[in-house]
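**Q** Okay, handing you the structure first.
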Amino acid sequence: MTVTVTFFADLRRFLPRGVDGPQRYTLREQATVDDLLTVIGVAQDADVTIAVNGEQAARETSLHDGADVMLLSPMEGGAAAEGEATTSIKGGA
Amino acid sequence: MDRYGYWNKILHVNLSDRTTWIEEPGDAFFRRYAGGRGLIAHYLLKYVPKGADPLGPDNILVIAPGVLTGAPVPGAGRHSVGAKSPLTGGFGESESGGYWGAELKRAGWDAIVFHRVSPTPVYLWINQGAVELRDASHLWGKITGEVEDAIVAELGDPLVRIAQIGPAGENLVRFACIANELNEVAGRTGMGAVMGSKRLKAIAVRGKTPVKVADQPGLLAIAKWVSGTMDEKHRAFHEFGTGAAMQGKSLEGGMPVLNYRLGAADTVAKVDAIAVRDQVRVKMGACFACSVRCKKVVHIEEKEEAARAAAEKVYKGRARVAVDPMGRYRVDPRYGGPEYESLAALGVNLGLDDLIAICKSNEMCNYLAMDTVSLGCTLAWAMECFEKGILTLDDTGGVPLRFHDADGVIKLVEMIAYRRGIGDLLAEGSQRAAQRLGRGSDAFLTTVKGMEMAMHDPRHMPVMRASYLLAPTGGDHMRQTSNRNGLRNQIGLCHFLAYEDDQSLQILKTVTGWDITPEEMVTTAHRGLTLARLFNLREGMTRADDRLPARFSAPLPKHAGLTREQQEKIVTDYYVEQGWDPATGVPTAETIRELELDADAVHAG
């Protein structure tokens, strides 16, 4: 299957130099977000916020053909130092 | 001996009798305080009497670059401004970038301390070693762009760098800022109001002497590392500046929306840094010696013809100039463009998705010289009061204070700067305004120690909790409480540069020639923070001030509220880490001794 990935903020470092806009990746059937991140080269312990078709997703989330994936970092400005993690969505109220 | 990184020359200016003198405090002084917070807190303790009115003659205004400022390496363009804060009543300090701080160092000065009050408006002209106070009566009341033009024409040198207040500082708006080069600001804690209270309109500087560097090839290697790793380390800043992560923040439920109540907005993508690039940005700007170039410049015209003409004549076809489709606003590129904090504080947190209006209010805050964060949060507080019927049209003189009203915000920005109508109350900042208004309006505050918190929700981001609870300036998101950022403030190194700590150490060594260890860097940061703590304690702050406002005890849809116990633990742990009394946060005698602050502590009683 093929998915489209948009990289935001710091994660744009995974884009090839000079490239902008969404990138297409071809994955095996039943692939998860985790599989996609491995293909892209995002480390296992990286602090990444993931959205699939606009909804927040986890690394275990299954992908489907034609999915729109957004990879984001929620860090910003003065917060963007040392790559410290934000809270996980799972720990929320 | 040879001296690198600093000149051992601090300029003192008595604005009352117009005398100036030079202090040469010696090498140990610069190694002990480094600059920024350390130097500011030292002078505040020494010169400002306990209980002094922040807007009275006893306050001082300190301009403090660091020992790295002006050295030719990315990130070394920072300077700090400090005084007793009219917003918090405690340690006031704010940082700025651009070129002004480096210019001051290149003029041969390490810092300036302004004392007392001028009887009439003046500006200071520093031309290398020559210093002159000049009449500024004709500049009083003017916006920053007009003042910049007038001073450059008067001095006949287009390369002069100018730091100045706008009408907001003259009118003692408690969150007035100091702008340099029109588009960089020392934004927080109301330093512009202190400058205004001294009737000091501007400081113009021209410097032609490069800062001396101990190991030039070593420093060049670090500068080259920054350019060589741009894609890997600074790509987002380089391409977008701040504000490219807003969609992620909103998706995680941590975006300040409608006075920090919602955590998410489906309109964020309309006003983030990606939208800025695609719709209104004409170029990126840089600070002194920095290859990251993270400063947005936006240009919007009211009419299509003007936009086309500007694109052709000014940008030679290399940029498209935006048009306000409703023909309402022109946004002048001289005033830069909105950072993340401004996009959020003047935009999303007020329920706005009108990017052009946000760029306009940001431009106005720059030319009137006000802090966008405190202004935006004060408006958000007032709008929630209005929504709940606590502030009424009778109180506001018929001016509605509504979320989602972009054009209304533009009007309010001006009313606050000139203290017109309801703007007079809001110019006091949200905490003082709530105290005056009463009626339970303090429940909607987002202030710590009287200063409005920045646009990072501590319920969402644990890393922000200690910053807001314990920053000596109050609701500060720059994590000044950490060793890393605490030190960078003092030495004059930008927080946005992705230097590892060993690289910062290397930069410090190559510039100053000091044989400095990682442990000494930590000690320097602790010293600055402890000095600021001593000042706050002396001015009456206690542990009770190290607390978040009630709003943050309530949950967001995706994040739990922060309990009193959680906050108390963070505070106690930090006191212990800094060597302060675990119960009261008073620096212990042992810590004072270890940090060599005995002489400063004499003024802390």
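The values are calculated or read from the model by the stated rules, or taken from the named source; none is laboratory data. Quick caveat, the model's predicted, so the values are computed rather than measured. Glycine also receives a Cβ, built like all others from the backbone with ideal geometry; neighbour counts cover every protein chain displayed. Just so you know, the surface numbers come from the protein's heavy atoms only, side chains and all, with ligands and any DNA or RNA stripped out. Shrake-Rupley method; radii C 1.70, N 1.55, O 1.52, S 1.80 Å.
**Q** Specify whether the C-alpha gyration tensor of the range B:144-299 places it in the rounded, prolate or oblate class, a ≥ b ≥ c being the square roots of the eigenvalues: rounded for a/c under 1.5, otherwise prolate if a/b is larger than b/c and oblate if not.
**A** oblate
**Q** Also: Mind checking the dipole of chain B: about its Cα centre, +1 per Lys or Arg Cβ, -1 per Asp or Glu Cβ, Debye to the nearest 20?
**A** 480 debye
**Q** What lysines does residue B:9 reach when the alpha-carbon gap must be under 17 Å and sequence neighbours fewer than 8 apart in one chain are set aside?
**A** Qualifying lysines at Cα under 17 Å: B:105, B:208, B:212.
**Q** Shifting gears a bit: I'm checking a number: the convex hull volume of the Cα atoms of chain B, normalised per residue, in Å³. What is it?
**A** Here the figure is 142 Å³ per residue.
**Q** Taking only protein heavy atoms and a 1.4 Å probe, what accessible area per residue, in Å², does chain B have with all protein chains in place?
**A** 32 Å²
**Q** Mind checking the per residue accessible area of the range A:2-72 for me, 1.4 Å probe, whole number of Å²?
**A** Accessible area per residue: 51 Å².
**Q** Ignoring any ligand, DNA or RNA, what whole percent of the accessible area of the protein assembly as shown comes from carbon and sulfur when the probe is 1.4 angstrom?
**A** The computed percentage sits at 51.
**Q** Pop the C-beta distance of residue A:58 and residue B:130 into the FRET formula with R0 = 51 Å and round what comes out to the nearest 0.05.
**A** 0.20
**Q** What residues of the range B:265-285 lie in the reach of a label at residue B:302, counting those whose backbone N is under 20 Å from a point 7 Å from the Cα along Cα→Cβ?
**A** Label zone hits: B:280.
**Q** Contour minus end-to-end for residue B:279 and residue B:137, with contour as 0.36 nm per residue of separation and end-to-end as the Cα-Cα distance?
**A** My answer for the length gained is 47.1 nm.
**Q** In square angstrom and rounded to 100, what buried accessible area do you get between chains B and A, total over both, with the probe at 1.4 Å?
**A** Interface between B and A: roughly 2800 Å².
**Q** Which sequence of B:365, B:494 reflects their accessible areas, 1.4 Å probe, from the largest down?
**A** Listed by decreasing accessible area, they come as B:494, B:365.
**Q** For chain B, what relative contact order do you get, as a whole percent, if you take Cα pairs closer than 8 Å and at least 6 residues apart?
**A** Across chain B, relative contact order equals 16 percent.
**Q** Sort the range B:83-158 into rounded, prolate or oblate with this rule: let a ≥ b ≥ c be the square roots of the eigenvalues of the Cα gyration tensor; rounded if a/c is under 1.5, and if a/c is not under 1.5, prolate when a/b is larger than b/c, oblate otherwise.
**A** It comes out oblate by the Cα gyration axes.
**Q** As a test of the formula, what do you get for the protein assembly as shown when each DSSP H run with n ≥ 4 contributes -39,500 (n - 2.57) and the sum is divided by the residue count, at 222 nm and rounded to the nearest 500 deg cm²/dmol?
**A** -10000 deg cm²/dmol
**Q** Moving on. Kirkwood hydrodynamic radius, the range B:312-460, all distinct C-alpha pairs: what's the number in Å?
**A** Hydrodynamic radius (Kirkwood, Cα only) of the range B:312-460 equals 16.0 Å.
**Q** Something else now. Putting +1 on Lys and Arg Cβ atoms and -1 on Asp and Glu Cβ atoms, find which of B:544, B:467, B:491 reaches farthest to the positive end of the dipole of the range B:467-546.
**A** It is B:544.
**Q** Within the range A:1-23, what residues put their amide N at less than 14 Å from the label point 7 Å along the Cα-to-Cβ vector of residue A:46?
**A** Flagged as within label range: A:5-17, A:23.
**Q** Considering the dipole of the range B:566-605 built from charges on the beta carbon (Lys and Arg +1, Asp and Glu -1) around the Cα centre, which of B:605, B:591, B:570 is farthest to its positive end?
**A** B:570
**Q** Ok, one more. In debye, nearest 20, what is the charge dipole magnitude of the range A:2-72 about its Cα centre with +1 on Lys and Arg Cβ and -1 on Asp and Glu Cβ, if you could check?
**A** Charge dipole, the range A:2-72, about its Cα centre: 320 debye, nearest 20.
**Q** So, one more: From the square roots a ≥ b ≥ c of the eigenvalues of the alpha-carbon gyration tensor of the range B:434-592, which class results: rounded (a/c under 1.5), prolate (a/b over b/c), or oblate?
**A** Note, shape of the range B:434-592 comes out prolate.
**Q** Over the alpha carbons of the range B:124-186, what is the largest minus smallest coordinate on each principal axis, giving the biggest first in Å?
**A** 33, 24, 20
**Q** Okay, moving on. Identify, among A:2, A:58, A:32, the residue whose Cα sits farthest towards the positive end of the charge dipole of the range A:2-72, taking +1 on the Cβ of Lys and Arg and -1 on the Cβ of Asp and Glu, with the dipole about the Cα centre.
**A** Result: A:2.
**Q** If you don't mind, another one. To the nearest 20 debye, what is the magnitude of the charge dipole of the protein assembly as shown about its Cα centre, counting +1 on the Cβ of each Lys and Arg and -1 on the Cβ of each Asp and Glu?
**A** In total the dipole reaches around 1120 debye.
**Q** Oh, and also: Amide H of residue B:471: which non-local residues (sequence gap of 5 or more, or other chain) have their own amide H closer than 5 Å, using H built in the peptide plane?
**A** Residues meeting the amide H criterion: B:476.
**Q** I've got another one for you. Taking the convex hull of the alpha carbon atoms in the range A:2-72, what volume per residue do you get, in Å³?
**A** Convex hull of Cα atoms, per residue: 81 Å³.
**Q** Something else about it: When only alpha-carbon atoms are used, what values of Rg and Dmax, in angstrom, describe the protein assembly as shown?
**A** 24.2, 80
**Q** Quick one: Kirkwood hydrodynamic radius for the range B:307-374, alpha-carbon pairs, angstrom, one decimal?
**A** Result for the range B:307-374, one decimal place: 12.8 Å.
**Q** Using a 10 angstrom Cβ neighbour count of at most 14 plus a DSSP loop assignment to flag exposed trypsin sites (Lys or Arg not before Pro), which longest range of chain B is free of such sites?
**A** B:440-605
**Q** Would you mind getting me the FRET efficiency between residue A:17 and residue B:328? Use the beta-carbon distance for r and R0 = 35 Å, nearest 0.05.
**A** That gives a FRET efficiency of 0.35.
**Q** Over the heavy atoms of residue B:7, what accessible area does a 1.4 Å probe trace out, to the nearest 10 Å²?
**A** That residue has around 60 Å² of solvent-accessible surface.
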